[in-house]
Structures are given as structure tokens and as C-alpha cells.
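A quick write-up on the structure given underneath.
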Amino acid sequence: MPTYVGIMGWPVAHSRSPAMHNAAFEALGMDWEYLFLPVAPAHVDDAVRGLRALGFAGANVTVPHKQAVMSALDRVTVEARAIGAVNTIVNRDGVLEGHNTDAIGFLRALREGGFEPRDCRAVVLGAGGAARAIVYALLAARATVTVANRTLSRARRLADELGALFRAHVSTIPLNAVQALEAALARADLLVNATSVGMAPHADACPLPEEVAIPPSLTLYETVYTPRETALVARARRAGATTIDGLGMLLHQGAVAFELWTGTPPPLDVMRRALEAQ
Ligand code: ATR
């Protein structure tokens, strides 16, 4: 009998994680299978308990369940609780642990792209789940962070909560405040798009107002990976900035989950090729 893991989401058919993990299991000759687990919102608690009942080694969790699964777990790491989202469940002999591997996945992708976040100045666009993981990671690297979001109150909540945790001041600005954004970017080393703006089928959209100039000294980290080159990445490249695309964070959050479940170092090249082939 194979050992099972999978991804819970609703919908989940678009996920690239099954191909990435199954390629890794195959390459290492492991008798493991990674399944699509479509779970309607009303059944989240039952589905989480089902992992234990069915002897799954764990699961990934995606939209819209990353918050909802927390109450059904036996333990949640400090990091996942602070971020407010669980993307990885580990079944340790019947004890279900909730982890968030997005923050560390982001840091690894950033460093792999040649950017060292320690003590940097960063502007993060967005204040949703992805942004919270990224701001957590940046504050842990002692970065100075400004959060720009369409809904300012959401940015302020993120800034207050994570700022208090790291005893750091996190600035906030509305996403349409052109002058304030431009001033923040002029002082920044790193810009991160953690909104969903620019994702297919709305690939023409750009989260940064057109009037805002992108300094060539900036590094842009884009979390959107469909399309591989977003309108924002194209614009930053034209401005002479360095860009890192979103596939790395997807790869590395998955690689950390793989190691948590299996205790085996993940075959990164195999996993990367499986993602790129999709
Ligand atoms: P995720 O978990 O992927 O981060 P989310 O929690 O729904 O998803 O957050 C989506 C982010 O994209 C939010 O920052 C959202 O801004 P609001 O907080 O104002 O909703 C941002 N976003 C989505 N659509 C947007 C749009 N058309 N313009 C600007 N920001 C947008």
C-alpha cells in the first residue's frame, strides 16, 4: 500500500502540487502518492479528521481552507498561527500538526534569485494570506517593511499584528497613493507583489499604479506565476530592475512540506522541472 498525501482546496483541479510531488516520489523510488482532495467548505473539519482516519502522512491546504483547517488540528506552529494560515498538515502518529511553509519558501526563493533580505528595505503590495507570510519572513530577516494595499484597514491590521510580534514598525499606505508609493520605492531594495493582480485570465492588470516609476536598483519579487511573466515583471524589466518570478516560492514551499512529511531531502531539480513542464 502506498503512503498518501494530497492537497485540500475548493476548487483544486488547477493545482500544480500533485505533479511536483509525484515526480519527486517517482524519482526517489518512494511508494507514495499525492492526491487531489477537493473539499467543500462545509466539510473541512471532517476532511482534516479524515486524514488521521485514513492514515495519510499529511496534506497541503490551499484556498479557501488555509484558515479554516486550524481549529481541527491538534497543534499549530507559532509561525503558522502568527501568519494566520496553515498550508501544510503533518500527521505524526495520529497527532495533526499545522505548519506554514510559505514564509520559508519565500525566503529560499528570494535567496536563490540572488537577493539577500537581511536588513533590506521592502515594499509589499497586498495584505492577504500570501502577504502575511511574506511580511513575516521579511521581519524575521530584520527587514524594514512598508505594506501597500487597496484596503488600508487590512494593511493596518497586518502591520499591527506582525509588527508587535517582531517589535518592529511596519508602515502602511493605500495602493493608490502614488506619491507615497513612489517615495517608498525610491528608498527600497525590494518590491514584492503579494496581491493576486496580474494572474491569468486578467494578465494585463498591474497592481502598481502606472504613474509610479520603478527604480532600476530595485529587485521585484512576483508571487503570481500564471503567466510566468506578468505585466508587472515586464514593466520592471523595462525599467532596468532585477526580477524574480513566482515559481520559486511554489517550489520551495512544496520542498519544505516534502521534507516534513518524508524526512527525506527533496529532489529540487526534479520538482522544478515538473512545475515548469505544466
Ligand atoms: P491570498 O491568500 O492569495 O493572499 P487574499 O487573502 O484574497 O489571497 O488576498 C488577495 C490580495 O490581493 C489582497 O491584498 C487584495 O486586496 P484587498 O485586501 O484590498 O482585497 C489584493 N487584490 C485582489 N484584487 C485586487 C485588485 N483588483 N486591486 C488591488 N488589489 C487587489
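Summing Lys and Arg as +1 and Asp and Glu as -1 over all other residues whose Cβ lies under 10 Å from the Cβ of ASP245 gives a net charge of -1.
Rounded, prolate or oblate: which fits the stretch 199-259 when a ≥ b ≥ c are the square roots of the eigenvalues of the alpha-carbon gyration tensor, with rounded for a/c under 1.5 and prolate only if a/b beats b/c?
The shape class here is oblate.
Computed log10 I(q)/I(0) for the chain at 0.07, 0.08, 0.14 Å⁻¹: -0.25, -0.33, -0.98, from the Debye equation with unit scatterers placed on every C-alpha and solvent omitted.
Assuming a ≥ b ≥ c are the square roots of the Cα gyration tensor eigenvalues, decide whether the stretch 103-245 counts as rounded (a/c under 1.5), prolate (otherwise, with a/b larger than b/c) or oblate. Provide the component values of the computation, followed by the final result.
Working: a/c = 1.40, a/b = 1.24, b/c = 1.13.
Rounded.
Under the simplified labelling scheme, the GLU276-THR77 pair shows an inter-label distance of 2.7 nm, with each label point 7 Å from Cα along Cα→Cβ.
As a calculated quantity, the FRET efficiency between SER153 and ARG237 at R0 = 22 Å, using C-beta atoms, amounts to about 0.10.
For MET1 and ARG111, the FRET efficiency from 1/(1 + (r/R0)^6), where r spans their Cβ atoms and R0 equals 30 Å, is about 0.20.
What are the DSSP H helices in the chain that stretch 20 Å or more along their long axis, judged by alpha-carbon atoms, and whose average Kyte-Doolittle hydropathy comes to at least -1.0?
What comes out of the filter, once short or polar helices are dropped, is 152-166, 247-262.
Amide H contacts of ASN60: GLY6, ILE7, MET8, ILE89, each under 5 Å away and 5 or more positions distant or on a separate chain (H built 1.01 Å from N in the peptide plane; Pro and chain starts excluded). Helix content alone sets the calculated 222 nm mean residue ellipticity of the chain: runs of n ≥ 4 DSSP H residues at -39500 (n - 2.57) each, divided across all residues, give -11500 deg cm²/dmol. Each Lys and Arg contributes +1 and each Asp and Glu -1, all at the Cβ; summed about the Cα centre of the stretch 103-245, the dipole is approximately 340 debye. Judged by the ratio a/c of the largest to the smallest principal axis of the C-alpha gyration tensor, the stretch 140-184 counts as oblate, that ratio being 1.5 or greater while a/b is no larger than b/c. Take ALA183, project a point 7 Å from its Cα along the Cβ direction, then tell me which residues of the stretch 120-152 have their backbone nitrogen under 19 Å from it. What the label zone holds, given the 19 Å backbone N cut-off, is 121-125, 144-150, 152. For the stretch 206-212, 3J(HN,Hα) computed residue by residue from phi via the Karplus equation (6.51, -1.76, 1.60; θ = phi - 60°) reads 10, x, 8, x, 3, 6, 7 Hz, glycine and proline entered as x.
For a paramagnetic label modelled at 7 Å from the Cα of VAL63 toward its Cβ, which residues of the stretch 153-188 fall within the zone defined by backbone nitrogen distances under 19 Å? Counting only backbone N, you get 154-155.
Please return the longest stretch of the chain lacking exposed loop sites, where GluC sites (Glu not before Pro) count only if DSSP places them in a loop and at most 10 other Cβ atoms lie within 10 Å.
Numbers: sites that count: GLU210, GLU211.
Formally, the longest exposed-site-free interval is 1-209.
The distance from the alpha carbon centre of the stretch 193-269 to that of the stretch 123-188 is 17 Å, rounded to a whole number.
The loop-placed trypsin sites (Lys or Arg not before Pro) in the stretch 99-140, going by DSSP, that have at most 16 neighbouring Cβ atoms within 10 Å of their Cβ come out as ARG118. Placing +1 on each Lys and Arg Cβ and -1 on each Asp and Glu Cβ, with no other charges, gives the chain a dipole about its Cα centre of roughly 600 debye.
Residues with beta-carbon under 10 Å from that of PRO207, excluding PRO207: net charge, scoring Lys, Arg +1 and Asp, Glu -1? Around PRO207, the surrounding residues sum to 0.
Only bridges with both residues in the chain count here: give the DSSP antiparallel percent, nearest 5. DSSP beta bridges in the chain are roughly 20 percent antiparallel.
Laboratory data are not the source of any read-out in this text; all were calculated from the coordinates shown. Worth saying up front: this structure is predicted, and the values here are computed from it rather than measured. Positions of Cβ are backbone-derived with ideal geometry, glycine not excepted, and every protein chain shown enters the neighbour counts.
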